[in-house]
Amino acid sequence: MIVHVEVLSAKVKAVLRDCAKELDGHGVLAVCGFPGSGKSTAAWFVAAAAGASVLDKDSFAPNLEKAVMAQLTGDPYDRDSDSYKTVVAPHIYEGLVRTGFTVAMKHPVVLDAPFLAAITQAANAGMSLSEYLRTLASASAPLPVTTIWVDSSAAEIHSRMTARGEERDAPKLADWEVYQTAVLDSGLREIAHSVVDLVIEN
């Protein structure tokens, strides 16, 4: 299902409220997408509707990420190098997902993260993203899991990153053409559409 939106239109809010109902007092809703796509706006809205807690990847262990990347590459905000993707990101995501699933047994949780590597790994394994996250969390008990991809054009993402002025976006904006080619136009968008439960075009 694909829903076209402008900044959380009434239609999108209705869709997100339906997603909130699926949590039903416990469970996981994973909101993913490229940085700058608007996923955090969607995550916080649906969390408020569900009475859920938000676990945001950017605030899960930011000082650890910065300290490790400063040692590895000299750039504490490096999130695109092979060093980050192979040494740091897998463990941050595993911790985020495991924590989220543990809490979600008793209280609804919204996971707010790009999940780009997880999306690729799920597709390579022939799994939905929901199934992949269950596996990553080693979840054995039944638990409602819904995944949402928040989609935005490269131009809109560039505009939002520029406007918000976050330090973590500086490397992407400094070499935008390379970032757009390597990430935004890499085919990840299409892969995401094939493994998530719901696509929201923002």
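The values are calculated or read from the model by the stated rules, or taken from the named source; none is laboratory data. A quick note: this is a predicted structure, and the numbers were derived from the prediction, not measured. Methodologically, a virtual Cβ is constructed for each residue, glycine included, from the backbone with ideal geometry; neighbour enumeration extends over all protein chains shown.
In the set 108, 144, 114, 90, only one residue is in contact (Cβ under 8 Å) with a residue 40 or more places away in the chain, under 16 Å from the mean Cα position of the chain (by Cα) and on the phi < 0 side of the Ramachandran plot; that residue is 114. Within the range 50-87, can you find the residues that are buried (at least 17 other Cβ atoms within 10 Å of the Cβ), in a helix (DSSP H, G or I) and touching a residue at least 24 places away in the same chain (Cβ under 8 Å)? Scanning the range 50-87 gives 50, 57, 60, 65.
The set of residues in the range 151-202 being of a type in the set (Val, Ile, Thr), under 17 Å from the mean Cα position of the chain (by Cα) and at pLDDT below 95 consists of 157, 183, 199, 200. Is it true that some residue in the range 30-39 is in a helix (DSSP H, G or I), surrounded by 14 or more Cβ atoms within 10 Å (Cβ to Cβ) and aromatic (Phe, Trp, Tyr)? Checked against the condition, which is being in a helix (DSSP H, G or I), surrounded by 14 or more Cβ atoms within 10 Å (Cβ to Cβ) and aromatic (Phe, Trp, Tyr), the range 30-39 yields no hits at all.
For the range 176-202, the set of residues classified as surrounded by 13 or more Cβ atoms within 10 Å (Cβ to Cβ), of a type in the set (D, E, K, R) and more than 13 Å from residue 37 (Cα to Cα) consists of 197 only. The set of residues in the range 117-135 being surrounded by fewer than 17 Cβ atoms within 10 Å (Cβ to Cβ) and closer than 15 Å to residue 96 by Cα consists of 117, 135. The residues in the range 1-17 that are within 19 Å of the chain's Cα centre (by Cα) and modelled with pLDDT of 80 or more can be counted, and the count is 4.
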